[in-house]
């Protein structure tokens, strides 16, 4: 599967179901996976920033990833699963990549190493070493949390045959344009972007797909954006983008994953547990989030359940 095939359309950067002790628990995601499949989602990314991947011990991931890949394929036989293998050190990232391979994932996503500042040659070597795993690698550009990819590094990515695409979460359209330029030498190099307020803009520039965190609660809205642009319905695409941008206001109540999980809990789809040192939303935050989503319920996932 090439990069365009992996990243075309919508990839949902799925939150991770956890038990009360903060350990990955695939069974906690059963209702969420059911709802995603009913909505028409076919592609998932596990253990990204929305999936709290860097907060979870590598030793805890193997059963979870294997069970999630199997569960998704039961629901969507031709479904795609990308597993984020990002870690501060190359050795641990390779361990996570091996977990993805053993689980039968379609690709591994990989940020530049983080914590220390690294030279360009070190960042490229980090990606080069993943060739040994025999799995397609998607560059995960997340400069907010990791080393930034310089233009020089970006230009050298097509030389790595196992690197098949990029998920750009910079939110910067100029950076996205640099990644899109790689298609000149590798037309099958996939490019997606996760900036939730610029989904339409990115697709209009030529991105193959989108990976928005809002896809966890409103995947139908993201699918609507993709479909509208492909049928030339600019007005519908712009309206779906407007609603998506409005939904990002949830982070004004509580930033990040705790808010997304609280909403999914309110929808009856997932427990609200988060990985330490994150803390679940307070009662007042949950009340504010419940009021916030009320006018948007028509575009949100239908849980058909009750909150915990």
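The values are calculated or read from the model by the stated rules, or taken from the named source; none is laboratory data. Since the model is a prediction, treat every value here as computed from it, not as a measurement. Backbone-built Cβ (ideal geometry, glycine too); neighbour counts: all protein chains shown.
Quick notes
- Test for residue 207: is it without any contact (Cβ under 8 Å) to a residue 60 or more places away in the chain, buried (at least 20 other Cβ atoms within 10 Å of the Cβ) and closer than 18 Å to residue 170 by Cβ: yes
Listed here are the residues, each with its yes/no results for (1) closer than 19 Å to residue 273 by Cα; (2) free of Cβ contacts under 8 Å to residues at least 24 places away in the same chain; (3) under 16 Å from the mean Cα position of the chain (by Cα).
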residue	(1), (2), (3)
30	yes, no, no
34	no, no, no
43	no, no, yes
48	yes, no, yes
54	yes, no, yes
57	yes, yes, no
61	yes, no, no
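- Check on residue 37, out of contact with any helix residue (DSSP H, G or I) (no Cβ under 9 Å at 6 or more places or on another chain), under 23 Å from residue 300 (Cα atoms) and surrounded by fewer than 22 Cβ atoms within 10 Å (Cβ to Cβ): no
- Scanning the range 285-302 turns up one or more residues that are surrounded by 13 or more Cβ atoms within 10 Å (Cβ to Cβ), at pLDDT below 95 and more than 15 Å from residue 15 (Cα to Cα).
- For the range 40-57, residues that are crowded, with 22+ Cβ neighbours inside 10 Å and more than 20 Å from residue 263 (Cα to Cα) total 1.
- Looking only at residues in the range 249-276 that are surrounded by fewer than 14 Cβ atoms within 10 Å (Cβ to Cβ) and touching a residue at least 40 places away in the same chain (Cβ under 8 Å), the one that is farthest from residue 29 (Cα to Cα) is 249.
- Options 41, 15, 82; residue that is touching a strand residue (DSSP E or B) at 6+ places or on another chain (Cβ under 9 Å) and farther than 17 Å from residue 141 by Cα: 41
- In the set (1) within 29 Å of residue 207 (Cβ to Cβ); (2) modelled with pLDDT of 95 or more, residue 281 fails one condition alone, (1).
- The range 227-245, subset under 12 Å from residue 203 (Cβ atoms) and in contact (Cβ under 8 Å) with a residue 12 or more places away in the chain, residue surrounded by the most Cβ atoms within 10 Å (Cβ to Cβ): 240
- Candidates are the residues of the range 92-114 that are under 14 Å from residue 143 (Cβ atoms) and out of contact with any helix residue (DSSP H, G or I) (no Cβ under 7 Å at 6 or more places or on another chain); the one that is surrounded by the fewest Cβ atoms within 10 Å (Cβ to Cβ) is 114.
- Here residue 307 meets the list (1) over 23 Å from residue 177 (Cα atoms); (2) at pLDDT 95 or above; (3) touching a helix residue (DSSP H, G or I) at 6+ places or on another chain (Cβ under 7 Å); (4) assigned to a loop (DSSP other than H, G, I, E, B) almost entirely, failing just condition (2).
- On inspection, residue 256 does not qualify as at positive phi and modelled with pLDDT under 95.
- One residue alone among 89, 66 is out of contact with any helix residue (DSSP H, G or I) (no Cβ under 8 Å at 6 or more places or on another chain) and surrounded by fewer than 18 Cβ atoms within 10 Å (Cβ to Cβ), and that residue is 89.
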